[in-house]
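Structure first, commentary second.
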Amino acid sequence: MASTRDIRRRIKSIKSTQQITKAMKMVSAAKLRRAQSSVMAARPYSDELGQVLAHLRKGNANHPFLQAKEVKKVCFVVFAGERGLCGGFNSNIFRRAEMEIEKAGFPHAVVAVGRKTRDYFRRRRHELAMEFTNVGDNPAFIQAKELAQRLSALYIDGTFDEIHLVYSEFKSALTQTPVRKQLLPVPHPEEDPDEPADATEYLFEPDETALVQALLPRYVDIAVYRAMLEAKASEHGARMTAMSAATDNALEIIDRLTLSLNRARQAAITKEISEIVGGAAALS
C-alpha cells in the first residue's frame with residue numbers, strides 16, 4: 001500500500017489537473033455559444049443561395065464552376081482543430097477523410113485547414129497542396145474568402161478536377177457528424193421524388209446569366225465559410241464535452257484516493273496501537 005505522503009501528493013496533483021480541465025470547460029462553453037450563433041446565422045443564407053442557384057443554373061451551364069471535367073486528380077479540403085484535448089473530434093474527421101480518399105480511387109492531394117490536419121496528413125505522406133492554419137476561434141469571412149479564391153484558382157487552372165470539403169457538421173455540444181460535400185464543380189441539387197416540383201416563378205434582374213456569374217463565386221465563398229464555422233463550433237462543443245468528462249473523472253479519482261488515504265491512516269494508527277499494547281504487555 002502506498003504511503004499517506006504519496007497519496008496526498010497524488011490527490012494534490014489531480015486537484016490541480018481538475019482545476020485546469022474545469023477552466024477549459026468554461027472557456028469552451030463561452031466560445032461555443034458564440035460559434036453556435038454564427039453557424040445558425042450562416043445556414044439560412046447558404047441554403048437560400050443554393051436554392052436560387054438551382055433555378056438559375058438550368059440555362060447557364062457554361063460557367064467553369066458548373067462544368068464537370070474528366071476526373072484525374074481530386075482535392076480534399078479537411079477541416080480539423082488547431083489544438084487537441086477535444087476527445088475524438090479530430091480522429092473522427094481524419095477517419096472520414098481517409099475513407100473518402102479511399103472511396104474516390106483517384107490521385108489526390110489534401111488542403112489542410114488546422115494544425116492537427118497538417119500534422120496528421122504530413123506524417124502519413126499524403127500530398128499537401130496547401131495548408132491553412134491559425135484560423136482562430138472565431139473564423140472571419142475574409143479568411144474563408146481567401147481560401148475559397150485559392151481553391152477556385154486551383155480548379156480553374158486544371159490542377160484539380162474535383163474539390164471536396166470534409167468537415168464536422170455541428171448538431172449539438174454532444175453530437176458532431178463528419179460529412180463530405182462537393183465544392184467544385186458545383187453539384188446539381190438532389191431532387192426528392194416524394195416532394196412535389198417547385199412551380200414558383202422567379203423574375204430575375206439583371207438577366208440570369210449575369211446573376212450566375214455574380215452568385216457562383218459568392219456561393220463558393222459561403223460554402224467554405226460555412227464549413228469553417230461548422231468545424232469550429234464542433235471543435236468547441238467536443239472540447240467542452242471532453243473537459244467536462246475529464247473533470248468528472250478527476251473527481252472520481254480524488255474520491256477513491258481519499259478513501260485509500262483514510263484506510264492507510266487507519267492502518268497506521270492500528271499498527272501504532274498494537275505496538276503500544278505489545279510494549280506494555282512485555283513490561284508487565
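The values are calculated or read from the model by the stated rules, or taken from the named source; none is laboratory data. Computed from a predicted structure; not experimentally measured. When we count neighbours, we look across all protein chains shown, and the Cβ atoms used for this are built from the backbone with ideal geometry, even at glycine. The area values use the complete protein model at the heavy-atom level, side chains included, leaving out ligands, DNA and RNA. Shrake-Rupley method; radii C 1.70, N 1.55, O 1.52, S 1.80 Å.
Projected onto their three principal axes, the Cα atoms of region 132-284 cover extents of 114, 39, 26 Å, largest first. Compute a Gaussian network model of the chain, connecting alpha carbons closer than 10 Å, and tell me which residue from Leu229, Leu56, Leu259 fluctuates the most. Among Leu229, Leu56, Leu259, the largest mean-square fluctuation in the Gaussian network model of the chain belongs to Leu259. Normalise the Debye intensity by I(0) for region 22-145, one equal point scatterer per Cα, no solvent, then take log10 at q = 0.16, 0.19, 0.21 Å⁻¹ and round to two decimals. The Debye formula, applied to the Cα set alone, gives -1.05, -1.24, -1.29.
Quick one: helix 141-156 against the long Cα principal axis of the chain, what's the angle to the nearest 10°, folded into 0 to 90? Computed tilt is about 50 degrees. Each residue, Gln51 and Ile156, gets one label point 7 Å from its Cα in the Cβ direction; the gap between the two is 3.0 nm. Of Ala214, Ala23, Ala245, which is the most mobile in a GNM of the chain whose springs link Cα atoms less than 10 angstrom apart? Highest fluctuation among the options: Ala214.
The listed residues Asp221, Asp207 rank as Asp207, Asp221 when sorted by accessible area, largest first, using a 1.4 Å probe. Computed about its Cα centre, the charge dipole of the chain is approximately 2340 debye, with only Lys, Arg, Asp and Glu carrying charge at their Cβ.
Over the chain, DSSP H runs of length four or greater, each weighted -39,500 (n - 2.57), average out per residue to a 222 nm ellipticity of -22000 deg cm²/dmol. Normalised by 2.2 N^0.38 Å, where N is the number of residues, the C-alpha radius of gyration of the chain stands at 1.49. Against the chain, whose longest principal axis is taken from its Cα atoms, helix 89-104 shows a tilt of about 40°.
Largest first and in whole Å, the equivalent-ellipsoid semi-axes of region 136-179 read 26, 16, 5, each the square root of five times a Cα gyration tensor eigenvalue. Relative to the longest principal axis of the Cα atoms of the chain, the long axis of helix 208-283 lies at roughly 10 degrees.
Excluding ligands, DNA and RNA, the accessible surface per residue across the chain is 58 Å² with a 1.4 Å probe.
What is the gain in length, in nm to one decimal, between Ala41 and Arg124 on full extension, counting 0.36 nm per residue of separation less the C-alpha to C-alpha distance?
Here the answer is 26.2 nm.
Placing pseudo-labels 7 Å out from each Cα toward the beta carbon at Leu251 and Ser274 gives an inter-label distance of 3.7 nm. Here the chain has 53 percent of its accessible surface on carbon and sulfur atoms, given a 1.4 Å probe and all protein chains in place. For Met40, the accessible area of its heavy atoms, probed at 1.4 Å with every protein chain present, is near 90 square angstrom. Here the Karplus relation 6.51 cos²θ - 1.76 cosθ + 1.60, evaluated at θ = phi - 60°, turns the backbone of region 121-126 into coupling constants of 6, 5, 5, 9, 6, 7 Hz, with x for every Gly and Pro.
How far is it, in nm, from the label point at Lys69 to the one at Ala282 when both lie 7 Å from their Cα along the line to the Cβ? Each label point lies 7 Å from its Cα, and together they span 9.2 nm. Segment Glu131..Phe106, full-extension length gain: 6.9 nm, with 0.36 nm per residue of separation and the alpha-carbon distance subtracted.
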